[in-house]
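Novice: The following block contains the structure, expressed as structure tokens.
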Amino acid sequence: MNRIVIHYSEIALKGKNRRHFEDALLRHVREALAGLVREVRKRQGRLVCRPEEDADPQQVCEILSRIPGIVNFSLGHSAPKEIDAIGGRAVNLLAGRDFTTFGVKTKRTDKEFPLTSEEISRAVGGAVLRGLEGKKVDLKAPDLWLYIELTGKEATLFTDKFAGPGGLPVGSCGRVMVSLSGGIDSPVAAYMLMKRGCRAIFGHIRNETQFTGGVTDKIEKLVDVLTRYQLHSTLYQVPFGELQRHIIAFVPADYRMIIYRRCMMRILNRLAEQEGAKAIVTGDAVGQVASQTLDNLHCIQSASHLPVLSPLVGMNKDETIAIARQIGTYEHSILPYPDCCSFMIAPHPETRGVLEMVERCEANITGLEELLQQAVAAAEAKEFPT
């Protein structure tokens, strides 16, 4: 390996804004591969990296497979942009590989090159047939595909394409404040917004009625995993003890969950303002639990002046679990923890909340605004990686 070719798809459709997204991906790749590559450059609709001689291919693959904006990438070898040199490099690259049939696919972004893409593929295929015994061409279902890309002053050859997350590079679409509960759903929701180019700031509303040491450890582990996808994260942990006690004292049991979630929305909105975030992200899915009926979601989200984004809203639980396993959060999410939501659920919670009733309940809570201010002021911030 002496070249790494990185492809993107959606970024290429951005028209006049394309450079903004390409530059965001370029910066992310440079930082993520620091110490593993000598340079990363834009090359006609792709990024091309020159790796260090001792760069570990497996480590490179693990890192690139987590970077939003990358649709696929390949570890390849360069050759001078001359047909004989390309053919010779192809023979060297495929020698020792276990295959019988092969095909060649060429992309020629340099239209001044004297041969067309199809002519290059035929010429290189002929070189392979002459240089390696017992090989046959199969352009429908070969044992191996050889890919050739002509960009800049060189050609790059590779045989394998590795999948990336796709989407848009982190930070290219602004910041969002993620309500991180510690369950399966909210970390997946955060990941989904990262793939849409958003940098996630995390807010966890901490239940202080029970021992919180294990919960803090769990939340930090989740953020640590998610930071692999965006490289830097901020986590706010907000004490909720006083608000819990006042909600329990002044709100009927069947409405406590809705009031809690509205208080959470207000806290997250204030943290979002501090961080310049433009939306709140939740792991809600319609009908999954009592707080996620359409009536209750209306009551809860009306407390937010920022847009509330719920990327899992139409997903089944098994679909969410599959993504959680894929991104590495599942094992941490299933650890038991005493979250505020489960603590405050009544035996028969209200599933058809009425906003007017909710607002009357809130009006009964003594000093609600001051309690919210105190909770935000007491929030503990931690940066990742630590």
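The values are calculated or read from the model by the stated rules, or taken from the named source; none is laboratory data. This one's a predicted model, so the numbers in the text were calculated from it and none came from an experiment. Glycine also receives a Cβ, built like all others from the backbone with ideal geometry; neighbour counts cover every protein chain displayed.
Novice: Across the range 76-90, which residue is nearest to Arg130 (Cα to Cα) among those that are surrounded by fewer than 16 Cβ atoms within 10 Å (Cβ to Cβ) and over 37 Å from the mean Cα position of the chain (by Cα)? Lay out the reasoning, then the answer.
Specialist: Within the range 76-90, the first condition is being surrounded by fewer than 16 Cβ atoms within 10 Å (Cβ to Cβ), and the residues that meet it are 80, 82, 84-85.
Subset that is over 37 Å from the mean Cα position of the chain (by Cα): 82, 84-85.
Numbers: Glu82: 18, Asp84: 13, Ala85: 14 Å.
Of everything passing the filter in the range 76-90, Asp84 is nearest to Arg130 (Cα to Cα).
Novice: Residues that are aliphatic (A, V, I, L, M), surrounded by fewer than 24 Cβ atoms within 10 Å (Cβ to Cβ) and under 17 Å from the mean Cα position of the chain (by Cα): does the range 196-210 have at least one? Before you say what the answer is, go through the steps one by one.
Specialist: First, pick out the residues of the range 196-210 that are aliphatic (A, V, I, L, M): 200-201, 205.
Then keep just the ones that are surrounded by fewer than 24 Cβ atoms within 10 Å (Cβ to Cβ); that gives none.
No: zero hits.
Novice: Still on this structure, I have one more. Which condition does Gln326 not pass, out of (1) of a type in the set (S, T, N, Q); (2) under 24 Å from Ser233 (Cβ atoms); (3) touching a strand residue (DSSP E or B) at 6+ places or on another chain (Cβ under 8 Å); (4) free of Cβ contacts under 8 Å to residues at least 60 places away in the same chain, if it passes all the others?
Specialist: (3)
Novice: I've got another one for you. Which one of these is of a type in the set (Gly, Ala, Ser), closer than 23 Å to Ile6 by Cβ and in contact with a Leu (Cβ under 7 Å, 6 or more places away or on another chain): Ala95, Ala55? Full working, then the answer.
Specialist: Values: Ala95 fails: closer than 23 Å to Ile6 by Cβ.
After applying the criteria, what remains is Ala55.
Novice: Here's a follow-up. What helices (runs of 4 or more DSSP H) completely inside the range 1-112 contain at least 2 residues that are among the hydrophobic types (A, V, I, L, M, F, W, C), within 17 Å of Thr156 (Cα to Cα) and in contact (Cβ under 8 Å) with a residue 60 or more places away in the chain?
Specialist: Numbers: elements: 18-32, 57-64, 83-94.
Answer list for the range 1-112: 83-94.
Novice: Considering only the range 280-297, I want to know if a residue exists there that is within 20 Å of Val176 (Cβ to Cβ), in a helix (DSSP H, G or I) and in contact with a Gly (Cβ under 6 Å, 6 or more places away or on another chain).
Specialist: no
Novice: Could you check Asp254 against (1) among the charged types (D, E, K, R); (2) out of contact with any Asp or Glu (no Cβ under 6 Å at 6 or more places or on another chain); (3) assigned to a helix (DSSP H, G or I) and say which number it fails?
Specialist: Of (1) among the charged types (D, E, K, R); (2) out of contact with any Asp or Glu (no Cβ under 6 Å at 6 or more places or on another chain); (3) assigned to a helix (DSSP H, G or I), only one is false for Asp254: (2).
Novice: Assuming Leu157 fulfils every condition listed in (1) in contact with a His (Cβ under 6 Å, 6 or more places away or on another chain); (2) in a helix (DSSP H, G or I) apart from one, which condition is it?
Specialist: (2) is the only condition that Leu157 fails.
Novice: On to the next question. State whether the residues of the range 161-179 include one that is assigned to a loop (DSSP other than H, G, I, E, B) and over 22 Å from Ser9 (Cβ atoms).
Specialist: Checking the range 161-179: not a single residue is assigned to a loop (DSSP other than H, G, I, E, B) and over 22 Å from Ser9 (Cβ atoms).
Novice: Looking at the range 355-381 only, could you name the residues that are in contact with a Leu (Cβ under 9 Å, 6 or more places away or on another chain) and more than 21 Å from Glu275 (Cβ to Cβ)? It would help to see each step written out before you state the result.
Specialist: Initial filter on the range 355-381 (in contact with a Leu (Cβ under 9 Å, 6 or more places away or on another chain)): 362, 365, 368, 371-372, 374-376, 379-381.
Correct list: Glu362, Ile365, Leu368, Leu371.
Novice: Any residue in the range 311-318 that is within 16 Å of Met177 (Cα to Cα), basic (Lys, Arg) and either out of contact with any strand residue (DSSP E or B) (no Cβ under 6 Å at 6 or more places or on another chain) or outside any helix (DSSP H, G or I) (or both)?
Specialist: So far as the range 311-318 goes, no, none of its residues is within 16 Å of Met177 (Cα to Cα), basic (Lys, Arg) and either out of contact with any strand residue (DSSP E or B) (no Cβ under 6 Å at 6 or more places or on another chain) or outside any helix (DSSP H, G or I) (or both).
Novice: Name every residue in the range 43-52 that is surrounded by fewer than 16 Cβ atoms within 10 Å (Cβ to Cβ) and at pLDDT 95 or above, in order of residue number.
Specialist: Across the range 43-52, the qualifying residues are Arg50, Glu52.
Novice: A further question on this structure: Given Ala277, Ala303, which one is part of a loop (DSSP other than H, G, I, E, B) and touching a strand residue (DSSP E or B) at 6+ places or on another chain (Cβ under 8 Å)? Walk me through it before giving the result.
Specialist: Working: Ala303 fails: touching a strand residue (DSSP E or B) at 6+ places or on another chain (Cβ under 8 Å).
Matching residue, one of Ala277, Ala303: Ala277.
Novice: Another one. Tell me, please, whether a residue that is under 30 Å from Ala279 (Cα atoms), touching an Asp or Glu at 6+ places or on another chain (Cβ under 9 Å) and either surrounded by fewer than 24 Cβ atoms within 10 Å (Cβ to Cβ) or touching a residue at least 40 places away in the same chain (Cβ under 8 Å) (or both) can be found in the range 147-166.
Specialist: Start the filter on the range 147-166 by keeping residues that are under 30 Å from Ala279 (Cα atoms), which leaves 163-166.
Okay, now just the ones that are also touching an Asp or Glu at 6+ places or on another chain (Cβ under 9 Å), so 166.
Retained after the next criterion (residues that are either surrounded by fewer than 24 Cβ atoms within 10 Å (Cβ to Cβ) or touching a residue at least 40 places away in the same chain (Cβ under 8 Å) (or both)): 166.
Within the range 147-166 (the criterion being under 30 Å from Ala279 (Cα atoms), touching an Asp or Glu at 6+ places or on another chain (Cβ under 9 Å) and either surrounded by fewer than 24 Cβ atoms within 10 Å (Cβ to Cβ) or touching a residue at least 40 places away in the same chain (Cβ under 8 Å) (or both)), the answer is yes, since at least one residue qualifies.
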